[in-house]
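Notes to accompany the following structure.
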Amino acid sequence: MSSPFEIVSNFSEPEENSLAEVPRKLPTLHAFFSPGGLLSKSSLAFEHRPGQYEMAKAVEAALKDKRRLIVEAGTGTGKTLAYLLPALRLARETGQRVIVSTGTKNLQEQLYFKDLPFLESVLTESGPLKVCYMKGRANYVCRHKLYALRDSPLLTGLEEIAQFHAISNWERTTETGDRAEIDALPEHSPLWGKLDARTEACLGTTCPDWERCFITSMRRKALESELVIVNHHLFFADLSIKQQAGGAPDAGILPEACAVIFDEAHELEDVASNYFGIGLSTARFEELTRDTETLLRAKNATSSGIESALGIVRDRARLFFAALPVEGGYGAGGAGRMPFTERAEFLESSGDVYLSVLNALQRLEGELDQLKNVEEAPGLRKRATDVRNHLKFLLESEDKNTVFWIERRAAGGVRAAGRGGARGGATAQTAFHTHLQATPIDVSELLQTTLFDAYPAVVLTSATLTVAGPDGTPGFGHISKRLGLEFARELVVPSHFDYGRQALLYLPQNMPDPRDQAFTDKAVERIRRVLEITKGRAFCLFTSYGHMRAVHERLLSEVPFPLLLHGTAPRHVLLQQFRETENAVLFGTSSFWQGVDVQGEQLSCVVIDKLPFAVPSDPVVEARMRAIEAVGGRPFFDLQVPQAVITLKQGFGRLIRSLTDRGVLMLLDPRVHRSGYGKIFLDSLPPYRRTDEIADVEAFFRLD
């Protein structure tokens, strides 16, 4: 995609913490958002939204006062403009930059390719906006690796050779190096993993292609920008790298900023946990040995010692991962997660295998040390050292705030759903990658020091951040505690939508407990009846792949509508098919619960099978529950219920996306009105009209 913004092309190194020049001033919030203001005169169908203006003022005040702010802004608030204009105003006035981080690439692209160009078209008298769009390094091709593979091809199969030629031709003309520009490249292309620009494979300033590097170019553009648009994965990957480097700003690719704004902030704990953790896999060993072999062969710098060391690393790593415990931990098909609590016993029984991997890596480091005049050698040696240090941490660390666990994933990019079962119908014949993981149990202190203390101003916003308290009033207590957010200003902006008129929440009577064998039979019966009334046009969202497939299989012969199933095609393909297929029904699991926007009558119903509690036997969830219990807390009410409430709000949020949308929400889980904690869920939801009568659903659609 080409950039809709002007970026200064003649790059001269600006100061790290300021912009090279301060452009013309931007209008005040009042001049922009008020009735009769700039926004009302734009091409946008304008309706003054008091909540949007209130949020914009709160964001601007927090940025100017260097404070923390958390805002729940209901769907339809117009929250993107409510934080984009204050952020740009701050950047213009101070000559510093602001980072905006989103939960998904979809929202990131919406901001950069839709919202910001619209804003620039309204602010014609303020000059061009200087904006940069940055993805994670794995989205960009590494020219050095591409050239090395061209000179010393290690390609397997005609398909990989064809992809390599396509990438080589594209590299000659691309300005960004972003793989999204190559439409024909498969989503899980094994070749791309040999060519991307991930940090662990980067040679840094010692790389002969550093000046022409797409990552270098991207960072230069960021240094010139007022606003840097990233996603949470890139932000926390960068934050983790800087933390490991002692806080050095040059360690990552994101430049310094005076503020950071997180949209879809409900995802921060999970994303931060992933990137502040440590992981090793069979794939990482394979990549280390493959890249070392490819890069050194391209320079004619390999030797019998190097080749021997690489072979030993490969063999010892395979033996090590094969020795890891598997009994009883993985789900059906051999994929899934299990805790690794018996590390001491493993070292006692298989310590020789572990030490042999460490020794093999150390030998490889020594061989690479001998290559004095090879530019790639120091970077490759550092990679081997990092792998060795990470392996030692994973097996020997006594850190009390870390949970250690093992996961097996299908090698084709399919990830396991948890101990309860495998995704994508993995079979015993499926090839797997084994991952050894260490994850922080509590990230609140890490976030306090690396995020909240590091940035003068931090704003967190989402449509789903609050959970109802004992008095029924929604509050930010859960999310603030989990993230270590202290002394923050708080704001709840109600949705612009009329939920009482636009949506009906149907809680069917006489449903069995979800653990009862009769639940699936009743679920099929109720879903079929509602789909008949809605004429399809529905999302059916499930908490497990197994239950989704069971209900889908039963309904295939019972309803006349096109039924689309998660896992049969990439998510964006299924969504496009849903939008284009009349009366379609989409069956999905976790990734369809959020970040999906389908407006209009094509989506007129959202069905959720069960309250979305996290699997309590998941190693990370289990460790967090134990930690809460150890300090006298109640794991179920302090962790599981609030997290499930936020997930349920996300799932139901797929239905009403505009002022003209109408539809029915159906929750099949009877615990929402039979259990004591069910009231927390109902009090946390928007003010939907509720019913337990199917006749009310029929009447609702007769009004269409």
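Structural remarks
- Considering segment 597-645, the residues that are under 20 Å from the mean Cα position of the chain (by Cα) and of a type in the set (Gly, Ala, Ser) include one that is nearest to residue 437 (Cα to Cα), namely 614.
- Lone unmet requirement of (1) in contact with a strand residue (DSSP E or B) (Cβ under 9 Å, 6 or more places away or on another chain); (2) assigned to a helix (DSSP H, G or I) for residue 280: (2)
- Where residue 196 falls short, out of the listed (1) without any contact (Cβ under 8 Å) to a residue 60 or more places away in the chain; (2) touching a Leu at 6+ places or on another chain (Cβ under 9 Å): (2)
- Test set (1) at pLDDT below 90; (2) hydrophobic (A, V, I, L, M, F, W, C); (3) touching a Pro at 6+ places or on another chain (Cβ under 8 Å) - residue 19 fails condition number: (3)
- For segment 582-620, residues that are among the polar types (S, T, N, Q) and either in a helix (DSSP H, G or I) or over 20 Å from residue 701 (Cα atoms) (or both) total 5.
- Residue satisfying all of: in segment 270-284; more than 14 Å from residue 432 (Cβ to Cβ) and not aliphatic (A, V, I, L, M); farthest from the chain's Cα centre (by Cα) among these: 284
- Matching residues in segment 535-579 - criterion: being under 27 Å from residue 644 (Cβ atoms), modelled with pLDDT of 95 or more and of a type in the set (Lys, Arg): 537, 549, 554
- Check on residue 526, more than 28 Å from the chain's Cα centre (by Cα), closer than 26 Å to residue 684 by Cβ and either surrounded by 18 or more Cβ atoms within 10 Å (Cβ to Cβ) or free of Cβ contacts under 8 Å to residues at least 60 places away in the same chain (or both): yes
- Residue within segment 635-655 that is in contact with an Asp or Glu (Cβ under 6 Å, 6 or more places away or on another chain), outside any loop (DSSP other than H, G, I, E, B) and closer than 30 Å to residue 399 by Cβ present: yes
- One residue from 73, 58, 82, 45 being farther than 26 Å from residue 484 by Cβ and hydrophobic (A, V, I, L, M, F, W, C): 45
- Listed by position, the helices (runs of 4 or more DSSP H) inside segment 25-102 whose residues that are out of contact with any Asp or Glu (no Cβ under 6 Å at 6 or more places or on another chain) and of a type in the set (D, E, K, R) number at least 2 are 50-65, 79-94.
- Candidate set: segment 184-229, residues that are of a type in the set (S, T, N, Q), farther than 30 Å from residue 570 by Cα and in a helix (DSSP H, G or I); chosen: the one farthest from the chain's Cα centre (by Cα): 206
- Flag if residue 521 is in a loop (DSSP other than H, G, I, E, B), over 24 Å from residue 188 (Cβ atoms) and not assigned by TED's automatic domain parsing to the domain that holds residue 110: no
- Residue in segment 538-550 that is outside any helix (DSSP H, G or I) and touching a Cys at 6+ places or on another chain (Cβ under 6 Å) present: yes
- Residue check, residue 355 surrounded by fewer than 16 Cβ atoms within 10 Å (Cβ to Cβ) and either touching a His at 6+ places or on another chain (Cβ under 6 Å) or of a type outside the set (Asp, Glu) (or both): yes
- Test for residue 628: is it modelled with pLDDT of 95 or more, of a type in the set (Val, Ile, Thr) and buried (at least 21 other Cβ atoms within 10 Å of the Cβ): no
The values are calculated or read from the model by the stated rules, or taken from the named source; none is laboratory data. For clarity, every value in this text was computed on a predicted model and none was experimentally measured. Neighbour counts are summed over all protein chains in view; Cβ atoms, including those assigned to glycine, are modelled from backbone coordinates with ideal geometry.
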